[in-house]
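Student: The structure under discussion is supplied below as structure tokens; questions concerning it will follow.
A short reminder: the numbers here are calculations on the coordinates, not readings from a lab. This one's a predicted model, so the numbers in the text were calculated from it and none came from an experiment. For neighbour counting, all protein chains shown are included, and Cβ atoms are generated from backbone atoms with ideal geometry for every residue, glycine included.
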Amino acid sequence: MSTLLALDTATEACSVALLHDGKVTSHYEVIPRLHAQKLLPMIKQLLEDAGTTLSAVDAIAFGRGPGAFTGVRIAIGVVQGLAFALERPVLPVSNLAVLAQRAFREQGASQVAAAIDARMDEVYWGCYRETAGEMRLVGVEAVQPPQAAALPVDASGEWFGAGTGWGYAERMGVQLSGQDAGMLPHAEDLLTLARFAWARGEAIPADQAQPVYLRDKVAKTKAERQL
């Protein structure tokens, strides 16, 4: 039976999760700007609590973004360091997908419009539908002004809004059955998605782990983006 470690630092939340001997354990804290100090001790504690060690881990999953530039880089740096040392593969997972998976787990939402506040008056946006317990992307992920947000062209039924991007809800013009603008990605849901990816053989070598920011230039000025 596989042992998978998952970690996420792409937003204000810092979380880790472990699948070991068929049991899932996790730790989650909202600790802005403390991810770099807290992440490795959280992993160490999680492994100790599960009665196992890093050497037992078969693959490491991580939130690849979109999210905060520094947070995503912290996750990739730690994952690559661990994976290189252990000679293990990695599983990159979209943070928007993780949000959708959390909404499915906590709210039972089978259709989710995930949105993360991207600053600079934009949101990271992606729409997901549940298939056999896995939230799957419908269309593409994007970074865009809140007013550009739209459900898929074939959208029907109820949609749930998840993530900090829904702080702009009044500008989005999207009809929802409910929303949680305070929801952040959780490593437990990242682990769920990673288990699907692992089963499909989608693990990659650590040196291929890349962040996904969606912006082609993270530090674009407002004037540049209006050209």
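Student: Any idea what the relative contact order of the chain is, in percent, if you count C-alpha pairs under 8 Å spaced at least 6 apart? Numbers along the way, then the final one.
Tutor: On the way: 505 pairs, mean separation 52.7, N = 227.
Answer for the chain is 23 percent.
Student: Would you mind calculating the relative contact order of the stretch 96-227 from Cα pairs under 8 angstrom and at least 6 residues apart, reporting the percent as a whole number?
Tutor: Details: 222 pairs, mean separation 32.6, N = 132.
Result for the stretch 96-227 is 25 percent.
Student: Can I ask one more? Place a +1 charge on the Cβ of each Lys and Arg in the stretch 95-180 and a -1 charge on the Cβ of each Asp and Glu, then give the dipole magnitude about the Cα centre in debye, rounded to the nearest 20. Intermediate results must be reported in sequence, preceding the final value.
Tutor: Details: 6 positive and 11 negative charges, 20 e Å.
Magnitude of the dipole: close to 100 debye.
Student: With point charges of +1 on the Cβ of Lys and Arg and -1 on the Cβ of Asp and Glu, referenced to the Cα centre of the chain, which listed residue (78, 196, 185) lies farthest in the positive direction of the dipole?
Tutor: So the residue furthest toward the plus end is 78.
Student: Given Cβ point charges of +1 (Lys, Arg) and -1 (Asp, Glu) and nothing else, what value in debye, to the nearest 20, does the dipole of the chain about its Cα centre take?
Tutor: Details: 20 positive and 25 negative charges, 101 e Å.
Value, rounded to 20: 480 debye.
Student: Another one. Measuring from label point to label point, each 7 Å out along Cα→Cβ, what is the residue 207 to residue 105 span in nm?
Tutor: 3.3
Student: Which value at 222 nm does the chain reach when only helices count, each DSSP H run of 4 or more adding -39,500 (n - 2.57), with the total divided by all residues and rounded to the nearest 500 deg cm²/dmol? Write out the running numbers ahead of the final one.
Tutor: On the way: 6 runs with 68 residues, N = 227.
Roughly -9000 deg cm²/dmol at 222 nm, from the helical runs in the chain.
Student: Determine the sum of side-chain charges near residue 9: Lys and Arg each +1, Asp and Glu each -1, restricted to other residues whose C-beta is under 10 angstrom from that of residue 9. Mind showing how you got there, number by number?
Tutor: Numbers: positive: 38, 73; negative: 8, 12.
Once all neighbours under 10 Å are counted, the net charge is 0.
Student: If you count, for each residue, the other Cβ atoms within 10 Å and average over each peptide, how do 50-61, 147-158 line up from highest to lowest?
Tutor: Details: 50-61: 17.5, 147-158: 12.4.
Peptide ranking by packing, descending: 50-61, 147-158.
Student: How large is ³J(HN,Hα) for each residue in the stretch 177-186, as worked out from phi by the Karplus curve 6.51 cos²θ - 1.76 cosθ + 1.60 (θ = phi - 60°), to whole Hz, x for Gly and Pro?
Tutor: Computed from phi, the couplings for the stretch 177-186 are 8, x, 7, 9, 7, x, 6, 10, x, 10 Hz.
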